[in-house]
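Everything on this sheet refers to the single structure shown next.
The values are calculated or read from the model by the stated rules, or taken from the named source; none is laboratory data. Predicted, not measured: the structure shown is a model, and the values here were computed from it. Neighbour counts run over all protein chains shown; Cβ positions are idealised from the backbone, glycine included. To get the accessible areas, we keep the full protein, side chains included, count just its heavy atoms, and leave off ligands, DNA and RNA. Shrake-Rupley method; radii C 1.70, N 1.55, O 1.52, S 1.80 Å.
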Amino acid sequence: MQSIISKLPNVQTSIFTVMSRLARKHEAINLSQGFPNFDCDERLKSLVFDYMKKGYNQYAPMAGIFELRNQLAMINESLYGRSFDPEEEITITAGATQAIYTAISAFVQAGDEVILIEPAYDSYKPSIEVNGGIVIPYGLTLPSFKVDWDAFAQLITDKTRMIVINTPHNPTASVFDEEDMKALERITKGTNIVVLCDEVYAFLVYDGQKHQSVLNFPDLYARSLATYSFGKTFHNTGWKMGYCMGPAHLMREFRKVHEFNVFSVNTPVQYAISDYIKDRETLFGLSAFFQQKRDLFGQLMEGSKFRLLPAHGTYFQLADYSAISEENDVDFAKRMTKEFGVAAIPISVFYSNLKDEKLLRFCFAKTDELLQQAAAKLIQI
Ligand SMILES: Cc1ncc(COP(=O)(O)O)c(C=O)c1O
């Protein structure tokens, strides 16, 4: 038997795979995984096909095609009133996952500490550990999931290489406000810490609130990389397209890893997206579209024994089931799938210490019909 020393001995089958498998087995409605059950725009698909037919089928430049980077620079300039250099500050990636991995790999060395806000999206921790980094978790607490920045600052040591934040936040659906960003700017000032800000749900912020991006805070941006996902934005998570933004001195290091980890990403899709986003409504119309779904799900769940928590951003809705059961969240999520026919994600899996707060995460990026069918089952519980 070949002897292998695993670099990630603690990584097991993810809860997303487990719940989706269980949903298929029991023919349950799957509100667990974070992707839409509806298709992306026909116009975008046609654009990709047109570029394929026109012969745009070979390697793109390493950093991405200039046209797309330039569109992104213009969009962010209009949002934040500052210019971003498409040549130096933007790289097109194979989804946010690759951007996150590449950013961590470019800066985290063996023994470096990385502070993670938990509950945390599942790709951060293994990406840190495979690079020899040490995860220092900071736990958000109910009911607001706000960061206490003084307590957070206590976690910073001379070994802290990176802080990973995610706003709008998966899975809590909370968002950072201006004060949060200023506090982060303040506590990292004068350090060598790189901030990785995962902003994949940047265009999914509700109730008239403004997304607070690191791009909007010049001193913070000077030490940050921000990651984005076209898959989340354009309902095509299977295309695995995204991008990373950051100041030139960080982007140079990012690209050294990017070049050898993927080199470049899908050429016809880059051309298609660069045309598609010339209509800015494709981006700015998203909040209204998903807010309607959040509100519909909320209305449909009225009268159920689940207590829905505020959802300020992302396409996730947390629900407290403590009025229904005392089971731990993993057991309850599994039983709900088997007996009641709806799959959701238990929140404990997003904590290093598997803290059980009796919360489930439902994804509402689904057709209204599917949300109606799911809610009809959930209110029976
Ligand atoms: C917070 C967060 N970051 C990153 C990703 C991954 O994005 P992508 O599909 O573009 O790799 C996800 C996907 O669920 C996510 O929720």
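Worth a mention:
- Centre separation in Å (Cα based) which lies between the stretch 89-140 and the stretch 261-332: 22
- In sequence order, calculated HN-Hα J values of the stretch 98-106 (Karplus, 6.51, -1.76, 1.60; Hz; x Gly/Pro): 5, 5, 5, 4, 5, 4, 5, 5, 6
- Gyration tensor (alpha-carbon) shape descriptor, the stretch 42-279, a/c threshold 1.5: prolate
- Subset of 210/334; 189/210; 45/377; 210/338; 159/232; 159/182 violating a 29 Å alpha-carbon distance limit: 210/334; 45/377; 210/338; 159/232
- Candidate aspartates and glutamates for bridging to residue 7, where Cα separation is under 12 Å - those fewer than 8 sequence places away on the same chain excluded: 129
- Selection of GluC sites (Glu not before Pro), the stretch 1-76, meeting DSSP coil and at most 11 other Cβ within 10 Å: 27
- Shape of the stretch 1-118, Cα gyration tensor, a/c cut at 1.5: oblate
- Other-chain or far-sequence residues with amide H under 5 Å of residue 93's (modelled H): 242, 243, 244
- Solvent-accessible surface of the stretch 42-279, averaged per residue with a 1.4 angstrom probe and all protein chains in place: 39 square angstrom.
- Cut-off under 5 Å, modelled amide H: who pairs with residue 166 long-range: 198
- Note on residue 305: aspartates and glutamates with a C-alpha under 17 Å away, same-chain residues under 8 apart excluded, are 320, 326, 327, 329, 339, 357.
- Per-atom-type breakdown for the stretch 42-279 gives carbon and sulfur 50% of the accessible area (1.4 Å probe, protein chains only).
- Sorting the segments 14-26, 173-185 by their mean number of nearby beta carbons within 10 angstrom, highest to lowest, gives 173-185, 14-26.
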